[in-house]
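Notes to accompany the following structure.
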Amino acid sequence: MDKFLFSQVNIPTKATIEDLVENLKKYCQPTDVETAQLAYDFASKAHAGQFRKSGEPYILHPLCVAHILSQIQAEPNIVIASLMHDVPEDTEITLEEIEKNFGSDIANMIRGITKLGKLKYRGVERYIENLRKLFVAMAEDIRVMIIKFADRVHNLSTLESLPEKKRERIALESLEIYAPIANRLGMGEFKGLLEDLSFKYVKPKDFQRVKAIRDQNISEKNVYLDKIIKTMETELKGADINYLDIHGREKQLYSLYQKLLKKNWEVSNIYDIVAVRVIVKDVGDCYACLGIIHKLWRPLKGRIKDYIAQPKPNGYQSLHTTVFCDDGKIVEFQIRTKEMHQEAEFGITASHWTYDERGPRPSKKDLNWAKELAKMQQEILNNIKDLEEMKVDFFHNHIFVFTPKGDVIDLPEDATPVDFAYHIHTEVGNKCNGAKVNDQMVSLDSFLKSGDVVEIVTDKNRKGPSQDWLKFVKTHAAKNHIKAQLNSSKITWIKNLFEKKIK
Ligand code: MN
């Protein structure tokens with residue numbers, strides 16, 4: 001049993017390469033561990049002589065980021081890429097050199113992160129453009145986003161050394177953009193870290209108040225939670241139920257804050273400030289365990305929730321129940337399998353990959369991915385205050401569609417197969433003769449929707465684009481290519497005519 005995954009991620013203040021190697025050895029091949037060591041040497045040489053605002057050697061930052069990722073047992077290449085994630089942007093070393101030494105998969109991830117750049121606030125338009133970049137990078141390779149989360153978590157934990165204005169902006173952005181994305185990706189642990197680390201800077205007074213409430217609750221309940229866990233252990237053993245772990249879990253501060261706001265700060269109405277989490281072997285054990293809890297203690301009405309039969313929209317699965325324990329004290333239990341637990345805490349990092357020559361990407365079964373992305377985008381935009389004032393249409397109305405191979409392409413709303421064809425390649429556009437959307441032939445002027453799988457039928461004998469296409473294409477790229485092609489064929493036509501005359 002891997003006990004490690006049941007504990008929370010801890011954000012290192014001082015990480016060493018030796019610790020990282022130890023973590024990696026637990027789940028990686030020796031060659032991956034070796035590559036990580038090489039990546040560390042490569043990055044520390046590149047960052048030599050650079051320091052962070054806090055005065056520490058720069059290399060400590062990528063090392064801490066890699067450390068966080070190794071704790072959630074992220075795929076080895078993610079960890080290796082994270083060690084070098086700031087190299088192209090902050091040092092003389094180029095991406096080409098990284099690619100030469102570490103291969104294209106790792107280099108491509110770093111390219112994605114570098115493209116995102118350091119988000120610099122230069123007015124609303126730039127900000128929204130950054131957001132758009134974020135979604136495009138995410139669509140291209142979700143692993144980039146996972147590194148970005150760890151990067152952001154570490155930066156938030158060292159925010160103290162930045163000027164106040166900058167601090168506030170980074171914290172707000174993490175709260176409004178990064179945390180909801182982490183939530184949608186089912187990465188509960190990152191969502192919680194991003195929120196709690198930002199909360200402190202965005203609403204310092206509320207943060208202190210909520211923290212005091214939680215601390216008091218913990219100290220009140222600690223003693224008898226220990227007792228309850230002991231009782232549970234005995235009962236489960238007696239009933240021959242395979243449990244892997246039973247532990248107390250504290251509610252994350254920001255999510256407690258939101259609950260407190262909803263309940264007018266009535267702490268007595270909130271039962272899950274600390275809860276007991278039981279991890280068992282399989283689904284059958286989950287229900288058996290629920291039965292045992294209800295036999296021992298009386299459940300509160302309407303508080304039994306079966307998220308196994310009916311998972312939450314982000315995929316969360318568990319059984320929840322709240323019971324009257326000894327002395328009438330109220331305790332919430334959360335029961336789940338190891339797989340459900342990993343899925344809930346680490347989401348997309350834990351599963352759903354298919355591998356092909358271009359590296360891992362969300363599996364076909366998750367073709368809903370594009371729809372998810374579009375929905376996520378919408379939600380995040382709804383969350384950002386004053387968006388109406390921003391009046392941005394180029395980001396607001398974006399769709400994500402697929403190539404038949406599963407690559408995600410982002411296009412403006414109401415884009416057509418012709419826009420798609422030109423996005424793939426100019427020649428695909430010029431020779432485009434028809435299109436299939438989700439295996440059905442459609443007309444070239446039909447509107448694409450998020451999640452569509454689009455296939456372009458080309459005809460190599462086709463002379464070029466039709467003048468009519470200009471009436472319905474949405475992207476500038478398509479328009480420009482069509483115009484250029486029409487012009488050049490006009491020129492050829494005139495030239496031919498001219499040559500004929502000469503003859
Ligand atoms: Mn960084």
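A few points about this structure:
- Accessible-area ranking of S450, S318, S104, largest first, probe 1.4 Å: S104, S450, S318
- Percent RCO, i.e. relative contact order, over the chain, from Cα pairs under 8 Å lying at least 6 residues apart: 10 percent
- Angle between the chain longest axis and helix 104-116 axis [Cα atoms, degrees, rounded to 10]: 90 degrees
- Surface accessible to a 1.4 Å probe, S488 within the full protein complex, Å²: 50 Å²
- Between amide H atoms placed 1.01 Å from N, distances below 5 Å from T337 occur with V280, all of them 5 or more places distant or on a separate chain.
- Out-of-range pairs (alpha-carbon distance over 30 Å; input K148/K230; K205/K312; K200/K221): K148/K230; K205/K312
- Ellipsoid semi-axes in whole angstrom, largest first, where each is sqrt(5λ) of the Cα gyration tensor of the stretch 3-185: 24, 19, 18
- Based on C-alpha pairs under 8 angstrom that are at least 6 apart in sequence, the stretch 3-185 has a relative contact order of 20 percent.
- Accessible area, probe 1.4 Å, largest first, for residues D105, D439: D439, D105
- Where the alpha-carbon atoms of the stretch 191-261 are placed on the principal axes, they occupy 48, 25, 17 Å, in descending order.
- Long-range amide H partners of T458 with built H, under 5 Å: N433
- Hz values of 3J(HN,Hα) by residue in the stretch 281-296 - Karplus curve (6.51, -1.76, 1.60), Gly and Pro given as x: 7, 9, 4, x, 4, 4, 5, 4, 5, 4, x, 5, 4, 6, 6, 6
- Most tightly packed first, judged by the mean number of other beta-carbon atoms within 10 Å of their residues, the peptides 278-291, 236-249 read 278-291, 236-249.
- Average accessible area per residue (Å²) across the chain - probe 1.4 Å, nucleic acids and ligands excluded: 50 Å²
- Measure of compaction for the chain (Cα Rg per 2.2 N^0.38 Å): 1.15
- Radius, Kirkwood style, for the stretch 132-270 when every pair of distinct Cα atoms is counted (Å): 17.4 Å
- Taking one quarter of the surface of the convex hull spanned by the alpha-carbon atoms of the stretch 396-502 gives a direction-averaged projected area of 7.0 nm².
- A simple rule links phi to the HN-Hα coupling: the Karplus curve 6.51 cos²θ - 1.76 cosθ + 1.60 with θ = phi - 60°, which for the stretch 54-65 gives 6, x, 7, x, 4, 4, 4, 5, x, 5, 5, 4 Hz, with x for Gly and Pro.
- Calculation over all alpha carbon pairs of the stretch 206-347 in 10 angstrom steps from 0 returns a P(r) of 11, 41, 37, 11, 0 percent.
- For the chain, carbon and sulfur atoms together expose 51% of the accessible surface, with a 1.4 angstrom probe and every protein chain in place.
- Residues whose amide H falls under 5 Å from that of N242, counting only those 5 or more places apart or on a different chain, are K281, with hydrogens built in the peptide plane.
- L172 paired with K100, simple spin-label distance in nm, labels 7 Å along Cα-to-beta-carbon: 4.4 nm
- Kirkwood Rh (inverse of mean 1/r, distinct Cα pairs), the stretch 12-113, angstrom: 13.4 Å
The values are calculated or read from the model by the stated rules, or taken from the named source; none is laboratory data. None of the values given here were measured: they were computed from a predicted structure. Don't worry about glycine lacking a Cβ; one is built from the backbone with ideal geometry, like all the others, and counts go over all protein chains shown. These accessible areas exclude ligands, DNA and RNA; they are computed on the full protein's heavy atoms, side chains included. Shrake-Rupley method; radii C 1.70, N 1.55, O 1.52, S 1.80 Å.
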